[in-house]
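Novice: After the structure tokens below, expect a handful of questions from me.
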Amino acid sequence: MDDRPRRQSRIQQKNREAILSAALQEFSARGFAGTTIDQIAEAAGLSKPNVLYYFPSKEAIHSALLQGLLEMWLSPLRELRAEGDPADQILAYARRKLEMSRDYPQESRLFANEVLQGAGHLAPILGGELRDLVEEKSTLISGWIAEGRIAQVDPHHLLFSIWALTQHYADFEVQVRAVLGPDHDPYAEAQVFLDQLYRRLLTR
């Protein structure tokens, strides 16, 4: 009797993770509108009724993915602190964002697809939690500028540029690798370039 619930719980967790992994694959490749429950079920190796047992709709699966993704995406920005060297912290943030593009390319493409399609499922978060966090960190960066610790830059556009330059390597990875060729590690080379770029930008 004691073993049965634990065994069932492990199976349920495994199936839930399989569904989310399959959904990530399908949504990142096809977008929300182009993905069906049947495609997710097939990719997960489960029946459609089994998928619907864990998630009542395609929207529920999509929402679960986006919530987890946004939390992961916001985590490095939350790590910017008033303590420490400002330039080092901003460079560390850019490096972490680049590492996330390298390690989670499908997640990056899912986010990009959602934004390109109007961010209907993300709008409350983008205009709420994300905006509040960006305002908080922009105020921190403005304080560093006022103290003369880094050069004069627009804090919002500094963050936008980091997002654009780092996530490009995930969202357009095929293009990047095609241009550079097989003998290049785009992420290692990008890290060197971004460190140089932002170090020069932020140095007074």
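The values are calculated or read from the model by the stated rules, or taken from the named source; none is laboratory data. Predicted model, so just to flag it, every value in this text is computed and none were measured. Counting neighbours? That spans all protein chains shown, and the Cβs are built from the backbone with ideal geometry, glycine included.
Novice: Only one of (1) surrounded by fewer than 19 Cβ atoms within 10 Å (Cβ to Cβ); (2) under 17 Å from the mean Cα position of the chain (by Cα); (3) within 28 Å of GLY118 (Cα to Cα); (4) modelled with pLDDT of 85 or more is not met by PHE27, so which one is it?
Specialist: (1)
Novice: Among the residues of the range 39-78, which ones are over 18 Å from PRO105 (Cβ atoms) and hydroxyl-bearing (Ser, Thr, Tyr)?
Specialist: Selection gives SER47, TYR53, TYR54, SER57, SER63.
Novice: If you don't mind, another one. Residues of the range 143-157 being surrounded by fewer than 15 Cβ atoms within 10 Å (Cβ to Cβ), assigned to a helix (DSSP H, G or I) and touching a helix residue (DSSP H, G or I) at 6+ places or on another chain (Cβ under 8 Å), which ones? Break it down stepwise before answering.
Specialist: Step one: filter the range 143-157 for residues surrounded by fewer than 15 Cβ atoms within 10 Å (Cβ to Cβ), giving 143, 146-149, 151-152, 154, 156-157.
Restricting the remaining residues to those that are assigned to a helix (DSSP H, G or I) gives 143, 146, 156-157.
Scanning the range 143-157 gives a single hit, HIS156.
Novice: Taking the residues in the range 111-152 that are closer than 22 Å to SER28 by Cβ and small (Gly, Ala, Ser) as candidates, determine which candidate is modelled with the highest pLDDT.
Specialist: Among them, the one singled out is ALA112.
Novice: Taking the range 86-130 as the region of interest, how many residues are without any contact (Cβ under 8 Å) to a residue 60 or more places away in the chain and either touching a Cys at 6+ places or on another chain (Cβ under 7 Å) or not hydrophobic (A, V, I, L, M, F, W, C) (or both)? So that I can check it myself, show each step before the final result.
Specialist: So in the range 86-130, the residues without any contact (Cβ under 8 Å) to a residue 60 or more places away in the chain come out as 88-89, 92, 96, 103, 111-112, 115-116, 118-120, 122-129.
Add one more test, that the residue is either touching a Cys at 6+ places or on another chain (Cβ under 7 Å) or not hydrophobic (A, V, I, L, M, F, W, C) (or both), and what stays is 88-89, 96, 103, 118, 120, 124, 127-129.
Total meeting the criteria: 10.
Novice: Quick check on SER138: is it closer than 16 Å to PRO86 by Cβ, in contact with a helix residue (DSSP H, G or I) (Cβ under 9 Å, 6 or more places away or on another chain) and among the small types (Gly, Ala, Ser)? Give the steps one after another, and end with the answer.
Specialist: Details: closer than 16 Å to PRO86 by Cβ: yes; in contact with a helix residue (DSSP H, G or I) (Cβ under 9 Å, 6 or more places away or on another chain): yes; among the small types (Gly, Ala, Ser): yes.
Yes; evaluated as a whole, the condition is true for this residue.
Novice: Also, I was wondering about something else. In the list ALA164, ALA112, ALA170, which residue meets the criterion of being surrounded by 18 or more Cβ atoms within 10 Å (Cβ to Cβ), small (Gly, Ala, Ser) and within 30 Å of SER63 (Cβ to Cβ)? First the steps, then the outcome.
Specialist: Numbers: ALA164 fails: surrounded by 18 or more Cβ atoms within 10 Å (Cβ to Cβ); ALA112 fails: surrounded by 18 or more Cβ atoms within 10 Å (Cβ to Cβ).
None of the other options fit; the residue is ALA170.
Novice: Can you find a residue that is in the same structural domain as TYR169 (by TED's automatic domain parsing), in contact with a helix residue (DSSP H, G or I) (Cβ under 8 Å, 6 or more places away or on another chain), closer than 30 Å to GLY148 by Cβ and loosely packed, with under 14 Cβ neighbours inside 10 Å anywhere in the range 82-93?
Specialist: Yes, some residue in the range 82-93 is in the same structural domain as TYR169 (by TED's automatic domain parsing), in contact with a helix residue (DSSP H, G or I) (Cβ under 8 Å, 6 or more places away or on another chain), closer than 30 Å to GLY148 by Cβ and loosely packed, with under 14 Cβ neighbours inside 10 Å.
Novice: Could you check the range 183-192 and list, in sequence order, the residues that are surrounded by 13 or more Cβ atoms within 10 Å (Cβ to Cβ) and either under 16 Å from TYR93 (Cα atoms) or not assigned by TED's automatic domain parsing to the domain that holds TRP163 (or both)?
Specialist: Once the filter is applied, which keeps residues that are surrounded by 13 or more Cβ atoms within 10 Å (Cβ to Cβ) and either under 16 Å from TYR93 (Cα atoms) or not assigned by TED's automatic domain parsing to the domain that holds TRP163 (or both), the range 183-192 yields TYR187, ALA190, GLN191.
Novice: I'd like the full set of residues that are free of Cβ contacts under 8 Å to residues at least 60 places away in the same chain and closer than 20 Å to THR203 by Cβ, limited to the range 161-175.
Specialist: Passing the criteria: only SER161.
A quick yes/no check of all residues on (1) on the phi > 0 side of the Ramachandran plot; (2) of a type in the set (S, T, N, Q); (3) modelled with pLDDT of 90 or more:
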{"position": "ALA18", "(1), (2), (3)": "no, no, yes"}
{"position": "GLY45", "(1), (2), (3)": "yes, no, yes"}
{"position": "LYS58", "(1), (2), (3)": "no, no, yes"}
{"position": "GLU71", "(1), (2), (3)": "no, no, no"}
{"position": "PRO76", "(1), (2), (3)": "no, no, yes"}
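Novice: Regarding ILE19, is this residue over 28 Å from ASP185 (Cα atoms), outside the structural domain of GLY143 (by TED's automatic domain parsing), assigned to a helix (DSSP H, G or I) and of a type in the set (A, V, I, L, M, F, W, C)? Break it down into steps so the answer makes sense when it comes.
Specialist: Details: over 28 Å from ASP185 (Cα atoms): yes; outside the structural domain of GLY143 (by TED's automatic domain parsing): yes; assigned to a helix (DSSP H, G or I): yes; of a type in the set (A, V, I, L, M, F, W, C): yes.
So ILE19 passes the test.
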